[in-house]
Amino acid sequence: MSTTYDFSGQHVVVTGGTRGIGRAISLAFLAAGAAKVHATYAGNETAAAELKTLAGDAAPRLETHRSDVGDYAAAEAFFKMLMDRGEPLHVLVNNAGIRRDGVVGMLSPEHWDAVLRTNLGGTYAMSKFAVLMMMRARYGRIISITSPSGKLGFEGQANYAAAKAGQVAFSRSLSKEVARRGITVNCVSPGFIETDFIADLPEEQAKAYRELVPLRRFGKPEEVAHAILFLAGREAAYITGATLDITGGL
């Protein structure tokens, strides 16, 4: 992936960073010269190994970590590892997310809790510990991947929509808390992107979703990664509390 961004010397954490959009983001930061990219993942060892291969010559600057972002203790342990090493943190991308679709009348408490715990609870836990590191340096970029579902409320995704809307509200509040410390907090809201995340949609439903998009196509993970790099750059210092839609006009 070609880019003009320069993240030389910067350390980046990408949750859910080994597959789909997260993989594209991890590779984009490596291509832009990041000194270290930490990509977390929930359990897919194959995807983590594939990312190492795709990183090529940049692989020594990539670390993959099996860690559940929705587990507060695991998030705390991850950041303790970074601090024990004496590593800085410049950028956190909260990308990890899951879907457990179902109409509310049939939605199990387990599926409700799982989506809120990972998608919203994970954003809270990772951001909390990232802020503690960034405040010392009086610099940082936190970017969370939200979804148009948080505004549009797609049928069968009440849990997902609630979590994604919560991410936006959380980010706006956090942006005000840390602004004077040189930390910006923003969201990126991708629409339908060609990843495994939507691969399980029935063809008829996928076609219907595609027809909703004015550009009449699904987006590519790399197109989301470009936006992440922009918001993570030093040049975006006056953008905070914002949400950037990448939806093809949805």
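The values are calculated or read from the model by the stated rules, or taken from the named source; none is laboratory data. Bear in mind the structure is a predicted one, so any value in this text is a computation, not a measurement. Positions of Cβ are backbone-derived with ideal geometry, glycine not excepted, and every protein chain shown enters the neighbour counts. These area figures cover heavy atoms from the full protein model, side chains too; ligands, DNA and RNA do not enter into them. Shrake-Rupley method; radii C 1.70, N 1.55, O 1.52, S 1.80 Å.
Answer yes or no as to whether ARG99 is over 19 Å from the mean Cα position of the chain (by Cα) and not hydroxyl-bearing (Ser, Thr, Tyr).
No: the conditions fail for ARG99.
Could you please tell me which pairs satisfy a Cβ distance under 6 Å, a separation of 6+ or placement on different chains, a first residue in the range 170-182 that is over 20 Å from ARG136 (Cβ atoms), and a second residue that is among the aliphatic types (A, V, I, L, M)?
As it stands, the answer is SER171/VAL185, since those pairs meet every condition given.
Tell me yes or no: at least one residue of the range 12-19 is of a type in the set (Val, Ile, Thr), crowded, with 21+ Cβ neighbours inside 10 Å, in contact (Cβ under 8 Å) with a residue 40 or more places away in the chain and in a helix (DSSP H, G or I).
No, there is no match, as no residue in the range 12-19 is of a type in the set (Val, Ile, Thr), crowded, with 21+ Cβ neighbours inside 10 Å, in contact (Cβ under 8 Å) with a residue 40 or more places away in the chain and in a helix (DSSP H, G or I).
Output the number of the condition that ALA161 fails; it satisfies all remaining conditions of (1) modelled with pLDDT of 95 or more; (2) touching an Asp or Glu at 6+ places or on another chain (Cβ under 6 Å).
Status for ALA161: all satisfied but (2).
Could you check ARG141 against (1) of a type in the set (D, E, K, R); (2) open to solvent by less than 30 Å² (accessible area, probe 1.4 Å); (3) farther than 22 Å from ALA179 by Cα and say which number it fails?
It is condition (3) that ARG141 fails.
Out of the range 20-49, which residues are assigned to a strand (DSSP E or B), in contact with a helix residue (DSSP H, G or I) (Cβ under 6 Å, 6 or more places away or on another chain) and over 24 Å from ILE198 (Cα atoms)?
Across the range 20-49, the qualifying residues are LYS36, VAL37.
Please state which one of VAL213, VAL103, VAL185, VAL178 is open to solvent by less than 30 Å² (accessible area, probe 1.4 Å) and more than 22 Å from ALA236 (Cα to Cα).
Step by step, each of VAL213, VAL103, VAL185, VAL178 is checked, and only VAL213 is open to solvent by less than 30 Å² (accessible area, probe 1.4 Å) and more than 22 Å from ALA236 (Cα to Cα).
Restricting to the range 162-175, what's the tally of residues that are open to solvent by 10 Å² or more (accessible area, probe 1.4 Å) and closer than 23 Å to ARG100 by Cα?
Residues that pass the stated criteria total 6.
For the range 20-39, which residues satisfy the criterion of being among the basic types (Lys, Arg) and open to solvent by less than 50 Å² (accessible area, probe 1.4 Å)?
Hit for the range 20-39 is LYS36, nothing else.
Looking at LEU201, is it over 24 Å from VAL93 (Cβ atoms) and open to solvent by 80 Å² or more (accessible area, probe 1.4 Å)?
Against the criterion (over 24 Å from VAL93 (Cβ atoms) and open to solvent by 80 Å² or more (accessible area, probe 1.4 Å)), LEU201 does not qualify.
What do you reckon, is GLY97 over 17 Å from GLY20 (Cβ atoms) and either in contact (Cβ under 8 Å) with a residue 60 or more places away in the chain or small (Gly, Ala, Ser) (or both)?
no
For the range 79-90, does any single residue satisfy the condition of being at pLDDT 95 or above, of a type in the set (Asp, Glu), farther than 26 Å from ALA165 by Cβ and open to solvent by less than 80 Å² (accessible area, probe 1.4 Å)?
yes
If you go through the range 202-218 one residue at a time, do you hit one that is in contact with a Ser or Thr (Cβ under 6 Å, 6 or more places away or on another chain), in contact (Cβ under 8 Å) with a residue 24 or more places away in the chain and on the phi < 0 side of the Ramachandran plot?
No, the conditions are met nowhere in the range 202-218.
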